[in-house]
Amino acid sequence: MSDARKTLLLTGASRGIGHATVQHFNSRDWRVITCSRHPFPQECPWGGGAENHIQIDLADPKNTIEAIEEIRRRLDGKLHALVNNAGISPKGDGGARLNTLDTDLRTWGHVFHVNFFASVVLARGLREELASAKGSVVNVTSIAGSRVHPFAGAAYSTSKAALAALTREMAHDFGPLGVRVNAIAPGEVETAILSPGTDKIVETLPMRRLGQPEEVAAAIYFLCSEESSYISGTEIEVNGAQHV
């Protein structure tokens, strides 16, 4: 499929930050290709969404690798931005936080395949298309990657810390190809899946409010635009100074 517009490949687009990112790029005339283990949700309002959706189970390395060929067929040789936004954080009974003592190994593997391994598999598999466009990779990490969080589980937090380290490594390795690699670390963002008790965290934030998905999407767009043409290997905190 040939398209003169810039192209974004986004994982985890169905809600929250991902959904806002689709809207942000689409409103700026980017073509957005989304990836999810679910079929395209018909209620999603961006133009061209259904024909630009690819069903991938990011928890399955074999399925992710096989899907790269399908993605290539839709790119016309260039990928201007890859945003690795998909992430899962399993909970225990009653929504309890899963710590290092009670998270089974199968859950650790599932979380790392989605939150960490899929990011490097997609970037490596599409490196020629990224290089052809002098594109940008943005990995979505988390405030939980740098501290113990009251709601985010141990597997989620360590996968996001690993993703931050991967961002540095990829920036070093992809730089000679003309590809920039950065990360954003959101804090408490107002989405439909906020955990009970988040209001108590908000009371301690320097800015005293939740972030909005659109604010995170704007940071992602900045890192995919020419405005950030000499920024690579960094992780931008998008959390209202929660990290200080």
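The values are calculated or read from the model by the stated rules, or taken from the named source; none is laboratory data. Please read these numbers as outputs of a predicted model, since none were measured by experiment. Don't worry about glycine lacking a Cβ; one is built from the backbone with ideal geometry, like all the others, and counts go over all protein chains shown. With ligands, DNA and RNA removed, areas are computed over all heavy atoms of the protein, side chains included. Shrake-Rupley method; radii C 1.70, N 1.55, O 1.52, S 1.80 Å.
Applied to the range 78-95, the Karplus parametrisation 6.51 cos²θ - 1.76 cosθ + 1.60 on θ = phi - 60° returns per-residue 3J(HN,Hα) values of 9, 10, 7, 7, 10, 10, 8, 9, 4, x, 10, 9, x, 10, x, 4, x, x Hz, with x for Gly and Pro. If the chain linking Lys134 and His243 were pulled fully straight, counting 0.36 nm for each residue of separation and taking away their Cα-Cα distance, it would gain 36.1 nm. Per residue, the chain exposes 48 Å² of accessible surface when a 1.4 Å probe is rolled over the protein heavy atoms with every protein chain present.
Between Leu98 and Gly92, Gly153, Ala154, the built amide H atoms are under 5 Å apart, and every one of these is 5 or more places off in sequence or on another chain. Treating each Cα of the range 137-185 as an identical point scatterer and summing with the Debye formula, the log10 of I(q)/I(0) at q = 0.18, 0.32, 0.33 Å⁻¹ comes to -0.53, -1.10, -1.14. Looking at this model, which pairs from Lys62/Lys200; Lys78/Lys160; Lys6/Lys91 are more than 30 angstrom apart at the alpha-carbon? Violating the 30 Å Cα-Cα cut-off are Lys62/Lys200; Lys6/Lys91. Rounded to the nearest 0.05, what FRET efficiency do Arg73 and Arg208 give with R0 = 41 Å and r taken as the Cβ-Cβ distance? Could you check? My answer for the efficiency is 0.30.
The simple Förster model, with R0 at 25 Å and r as the Cβ-Cβ distance, assigns Lys62 and Ser14 a FRET efficiency of 0.65. Residues whose amide H comes within less than 5 Å of that of Val181, counting only those at least five positions distant or on another chain, are Val137, Gly233 (H built at 1.01 Å from N in the peptide plane). The heavy atoms of Val148 present about 120 square angstrom of accessible area, all protein chains included, probe 1.4 Å.
Its alpha carbons give the range 67-160 an Rg and a Dmax of 16.0, 48 Å. Using only side-chain charges placed at the Cβ, +1 for Lys and Arg and -1 for Asp and Glu, the dipole size of the range 1-143 relative to its Cα centre rounds to 400 debye. Net length available on complete extension from Lys91 to Arg5 is 27.0 nm, with 0.36 nm assigned per residue and the Cα-Cα distance removed. Can you pull the percent of Cα pairs in the chain with separation above 34 Å? In whole percent, the long-distance tail amounts to 11.
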